[in-house]
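What follows is one structure encoded as structure tokens, with my remarks underneath.
The values are calculated or read from the model by the stated rules, or taken from the named source; none is laboratory data. Not measured: the values here are computed from a predicted model. Methodologically, a virtual Cβ is constructed for each residue, glycine included, from the backbone with ideal geometry; neighbour enumeration extends over all protein chains shown.
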Amino acid sequence: MITCEESKTICSKNQYKEASWSERLSMWFHVLMCKTCFKFSRKNTKLTGLCNEASLHALTDNEKSQIKKKLGQDT
Amino acid sequence: MNQEEKIKPAHQLDPTVWVDQYADYLYNYAISRVNNEELAKDLVQETFFAGLNSAKNFKGTASERTWLVAILKRKVIDHYRKRNSKKGKAEVRMSYNNEGDGSWLEEQIADPLSKSENDGIENEELGLAIHECISKLPAKQAEVFTMKTIHGMSTEDICNELSINPSNLWVLVFRARTSLMDCLNENWFAI
């Protein structure tokens, strides 16, 4: 039996489709019994949906440090 | 003038955190308006420069970010103005795609974009809301979440770059996601 903390971590991992089948199985057993984790995984899936919907963009670290350099903020 | 000086401004500028705190927010704002990543990056950079140059004009009534967004807005407008000032390029252009099988009229009049127009606005707001929440995360969590979710980097690459092990990474991702859920809770989760 896995703990809530573990189940939530696996759930986050699963959002990126990187949880192994044994991890998924143990998570499902846990989620069936634990209402909190059930809610958590539903919200987590929703968050993934929102992130996809928003088509997020971000500058890479490289680009950011380039801007910093140009602003004269060498780090 | 004297009165203004007496009141301690509610907000103060700290240009050293600008890039880390606001770059992504401004970048998203710019992209949704100019639809070009390279250009958006330049506009963000110009915004920071302009901000540095006119930092003394900052009255402290608005937050740092609002102030920078206001500058960026001007930059976007300037960009379109510059582009349109080139003669002959200001006319409206329409693209007719002849790929569809239906009648021309139906395809052109029943605008398939009209429904998604509102979605676009909502998505922009959503994107900005998410970035606002990301900027509130602890630096490490924000970094990992951005690399994983937005840049879509593989777990291995991120671990190498940040020299952490995968289980560390997943715990960071989990914490970041939990905070994000709380942060977005009021507005976006209708559960």
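What pairs come up if the first residue lies in region B:141-160 and is of a type in the set (Ser, Thr, Tyr), the second is assigned to a loop (DSSP other than H, G, I, E, B), and their beta carbons are under 7 Å apart, counting only those six or more places apart or on different chains?
B:Thr146/A:Ala58; B:Thr155/A:Glu18
Looking only at region B:123-142, decide whether some residue is within 9 Å of another protein chain (Cβ to nearest Cβ), assigned to a helix (DSSP H, G or I) and modelled with pLDDT under 80.
yes
Only residues that are crowded, with 17+ Cβ neighbours inside 10 Å and facing chain B (nearest Cβ under 8 Å): list them for region A:41-59, please.
Across region A:41-59, the qualifying residues are A:Lys43, A:Asn44, A:Leu47, A:Leu50, A:Cys51, A:Ala54, A:Leu56, A:His57, A:Ala58, A:Leu59.
For region A:60-67, does any single residue satisfy the condition of being closer than 20 Å to B:Asn28 by Cβ, buried (at least 18 other Cβ atoms within 10 Å of the Cβ) and of a type in the set (Val, Ile, Thr)?
yes
Collect the residues in region A:1-33 that are buried (at least 17 other Cβ atoms within 10 Å of the Cβ), among the hydrophobic types (A, V, I, L, M, F, W, C) and not in a helix (DSSP H, G or I), keeping them in residue-number order.
A:Ala19
Spot the failing condition for A:Gly72; the list is (1) modelled with pLDDT of 90 or more; (2) over 20 Å from B:Tyr25 (Cα atoms), and only one is missed.
(1)
If B:Ser95 satisfies every condition in (1) in a helix (DSSP H, G or I); (2) small (Gly, Ala, Ser); (3) modelled with pLDDT of 55 or more; (4) exposed (fewer than 10 other Cβ atoms within 10 Å of the Cβ) but one, which is the exception?
Here B:Ser95 meets the rest and fails (1).
Condition test on A:Ser12, is it among the polar types (S, T, N, Q) and closer than 22 Å to B:Lys140 by Cα?
Spelling it out, A:Ser12 is indeed among the polar types (S, T, N, Q) and closer than 22 Å to B:Lys140 by Cα.
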